[in-house]
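See structure below.
Read-outs: derived from the displayed coordinates by stated rules, not from any lab. Fair warning: this is a prediction, and the values are worked out from it, not measured in the lab. Note that we place each Cβ from the backbone using ideal geometry, even for glycine, and neighbour counts take in every protein chain shown.
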Amino acid sequence: MNRKYELVYVVSPDATEEQVTDLHTQVEAICQRLDGQVEKTDNWGRRKLAYEIGAHKEGTYVVEYILGSGELMKEIDRRLKVSDLVIRHLVVRVDEEEGVIERTRARRTVTSQRRRIARGLPPDRAPGEGQRGDGDDDRDDRFDGPEVER
């Protein structure tokens with residue numbers, strides 16, 4: 001069963017860009033071998049660590065979004081544990097959270113439709129209907145402070 005995972009690993013600051021790329025290539029090779037897929041890779045670059053790990057105060061952060069099985073993630077976890085370049089890594093299953101979000105959104109939609117019908121309104125909102133700031137309107141400036149003239 002394929003699930004979505006988020007893999008974050010921090011590579012030693014001593015590692016070159018080429019070594020980081022090789023590490024990513026190794027993860028991709030493991031995914032292909034075990035019928036997984038790397039959906040997206042984000043190299044956040046070199047950043048300061050939240051706390052010192054060994055003698056390291058900085059590291060290169062890499063985030064990979066992987067679609068695959070639990071066995072795939074166990075193998076990736078095992079490989080990253082023995083790699084000298086990787087300071088820390090974390091694997092998180094994210095498909096469960098997406099399911100919770102979708103169920104909550106569906107429940108809110110059904111509740112909203114039921115309330116609208118009880119008030120004698122059509123079940124779905126018309127465009128522009130509702131309070132200001134509802135939906136995807138990013139122009140909400142109600143909480144901006146007063147403009148100061150200089």
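Observations, loosely collected:
- Loop-located trypsin sites (Lys or Arg not before Pro) across the stretch 34-132 with a Cβ neighbour count of 13 or fewer within 10 Å are Arg119, Arg132, with loop assigned by DSSP.
- Tensor-based shape of the chain (alpha-carbon gyration tensor, a/c under 1.5 rounded, otherwise prolate or oblate): oblate
- Against the main long axis of the alpha-carbon atoms of the chain, helix 95-118 sits at an angle near 0°.
- Rounded if a/c under 1.5, otherwise prolate or oblate - the stretch 2-88, Cα gyration tensor axes: prolate
- Lysine pairs in the stretch 1-91 with Cα atoms under 25 Å, if 8 or more residues apart or on separate chains: 9
- Relative contact order of the chain, defined on C-alpha pairs under 8 angstrom at six or more residues apart (%): 29 percent
- Degrees separating the helix 70-82 axis from the principal Cα axis of the chain, which is the longest one: 50 degrees
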